[in-house]
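Read the figures in this text as sums done on the coordinates, not as results from a lab. Quick caveat, the model's predicted, so the values are computed rather than measured. Using ideal geometry, Cβ is built from the backbone for each residue, glycine included, and neighbour counts are taken over all protein chains shown.
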Amino acid sequence: MTVANQVLETLRSKLAGMTDAELARLLGKRHQHINQTCRTLADQGLIVRDNSLGSITNRLATVAPSRASDRPTVPLPAGPVDDDWAWEGNVQSGVVTHLAAAGWRIVAVADTARRQQGADIIAERDGTRLLVEVKGWPSTTYARGDRAGQPKPTQPTLQATHWFAEGLTTLIRRGADLSAGLALALPDMPRYRTLLAEVGWAIRRLEITVYLAEADGAVHTWEPEN
């Protein structure tokens, strides 16, 4: 579960609200990380940050944002996948939070749970548009359909290789839009790091930014080795 999801779940049980410091202590996170996450959730219209009592208190928003294009709601995972930090929806949520904290305006967020077509994240900053393709980590069992809960025949590391190649291919196709920057977002897994190292030269030439999401919700930029 991402930090953003943890904050929302906590505030659902604390309707009176909690300060950043209280959330940081309860969730065992750095105060700065909680502060950035709460600011992003407020920008998305999911919570309000009330300072009428002298200290900022975070509460769930009672009114949904009126313009989804300006304040998109990040799709939250439902059911058992909600506990899988490396699921595509959780990686997407963490990257959205990271981009918003870095000054990007989130234009659109695809509903990964429903496999919505198009770029998974579209963001803008200083006149530059960024198209982000997000991939998660394969589960060992089927999550939906008639075979839900049954083991998959393909090993996660092999499936991840296919997903990685699919993500790069999708970005290459979107590269025809020379006005947009390209980015690939992945959970920080050893197999993905190995694949990134193997094609680092191509990622550098194609000027693709790679974001790696960690289990605690933090996101950092991967840099190819020389």
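Descriptive notes on the structure:
- Rounded to the nearest 20 debye, dipole of the stretch 12-59 from Cβ charges on Lys, Arg, Asp, Glu: 160
- In the stretch 3-60, the ratio of gyration radius to Kirkwood radius, Rg to Rh, stands at 0.91 when only Cα atoms are counted.
- Gyration tensor (alpha-carbon) shape descriptor, the stretch 79-222, a/c threshold 1.5: prolate
- Estimated dipole of the stretch 79-222 in Debye, rounded to 20 [Cβ of Lys and Arg +1, of Asp and Glu -1, Cα centre]: 380
- Most positive-pole-ward Cα, ALA165, GLN92, ALA119, against dipole of the stretch 79-222 from beta carbon charges: ALA165
- Semi-axes of the equivalent ellipsoid for the stretch 151-206, Cα gyration tensor, largest first, Å: 24, 13, 9
- Amide hydrogen neighbours beyond the local backbone of GLY181, cut-off 5 Å, H modeled: ARG129, LEU130, LEU131
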